[in-house]
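Since the structure comes first, as structure tokens, the remarks are kept for the end.
The values are calculated or read from the model by the stated rules, or taken from the named source; none is laboratory data. The structure displayed is predicted, hence computed values, not measured ones. Counting neighbours? That spans all protein chains shown, and the Cβs are built from the backbone with ideal geometry, glycine included. Only protein heavy atoms, including side chains, enter the accessible area calculation; ligands, DNA and RNA are left aside. Shrake-Rupley method; radii C 1.70, N 1.55, O 1.52, S 1.80 Å.
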Amino acid sequence: LLYTIKFEFLQLAAAMIEFIVSKVAMVLTLGMYSTGIHTVQKIKRRGTGDIPILPFVAMATACFLWFNYGIMLGDVTLTFTNLVGTLLNCSYILLYYWYTPSKASVYKTVGCFMLLLVTMNFYSSWAHTSTQEASEFVGTIGVCITIATFASPLAQLKVVIEKKNTDSMSFPLSVMVAAQCIMWWWYGALINDTYVQVPNLLINYAYLQVCIDNWSYRSQGM
């Protein structure tokens, strides 16, 4: 009886930890997605200028892939978070389109990613007979797109290191990205999902490096 009580207590504790981690990861991620509002406000005031459409489209694509992945797994946290992320980034794309004078570039970028999504959806439905095989395929593509989406801003890390100047990178945003990646990696470990763990582990390592360098240069007054 004592063993049964201990086992049930451990199960309850594990469920509580998973619940808390999933909700913290969700809140941090939605907070990160909402930072696009600042960019959109800047676009409204000054136009698109040299602000590229690609990050919005890439993020919307990544969110849509993880939304589908969440549906395949029946995971409410993944599904809801990435549904909101998809809708937010699509709204950013529409607002960008409204204010940009170069609408042809929007057509081309969105068209390329739409073609990619349609091709992947067709292939996953046609080539993979089971839900598990399809989810593994979508998860693999999601990992690649996510790493590519978050890795592109890290090109600025080279500037930070070489010039020892942190002006090109937002310290609060880097901290938020690192924190949400830690929580998603933890959540992936709790549900034993490698596809959730791998991209967040890699991205977290890179952004933690950004945060450490940023803090170091700020403390030195650089």
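Listing for the model above:
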item: Residue in segment 124-132 that is in contact with a Ser or Thr (Cβ under 7 Å, 6 or more places away or on another chain) and assigned to a helix (DSSP H, G or I) present; result: no
item: Output for segment 186-203, where each listed residue is open to solvent by less than 60 Å² (accessible area, probe 1.4 Å) and either outside any helix (DSSP H, G or I) or of a type in the set (Lys, Arg) (or both); result: 191, 193
item: Check on residue 162, open to solvent by 70 Å² or more (accessible area, probe 1.4 Å) and at pLDDT 75 or above; result: no
item: Qualifying residue in segment 10-28 (condition: within 17 Å of residue 149 (Cβ to Cβ) and open to solvent by 20 Å² or more (accessible area, probe 1.4 Å)); result: yes
item: Cross-chain or 6+ apart pairs with Cβ under 8 Å, segment 88-109 first and closer than 16 Å to residue 59 by Cα and open to solvent by less than 60 Å² (accessible area, probe 1.4 Å), then in a loop (DSSP other than H, G, I, E, B) and at pLDDT below 90; result: 88/34; 93/53; 96/48; 96/51; 96/53; 106/53; 106/100; 109/53
item: Pair list, Cβ < 7 Å and 6+ apart or interchain, from segment 13-41 residues that are over 18 Å from residue 60 (Cα atoms) to residues that are part of a helix (DSSP H, G or I) and open to solvent by 80 Å² or more (accessible area, probe 1.4 Å); result: 21/186
item: Residue 138 over 13 Å from the mean Cα position of the chain (by Cα), surrounded by 18 or more Cβ atoms within 10 Å (Cβ to Cβ) and modelled with pLDDT under 65; result: no
item: Residue check for residue 84: closer than 16 Å to residue 31 by Cα, among the β-branched types (Val, Ile, Thr) and open to solvent by less than 50 Å² (accessible area, probe 1.4 Å); result: yes
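Here is a yes/no grid of residues against (1) farther than 21 Å from residue 194 by Cα; (2) at pLDDT 95 or above; (3) in a helix (DSSP H, G or I); (4) open to solvent by less than 70 Å² (accessible area, probe 1.4 Å):
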| site | (1), (2), (3), (4) |
| --- | --- |
| 43 | yes, no, yes, yes |
| 50 | yes, no, no, no |
| 56 | yes, no, yes, yes |
| 60 | yes, no, yes, yes |
| 63 | no, no, yes, yes |
| 79 | no, yes, yes, yes |
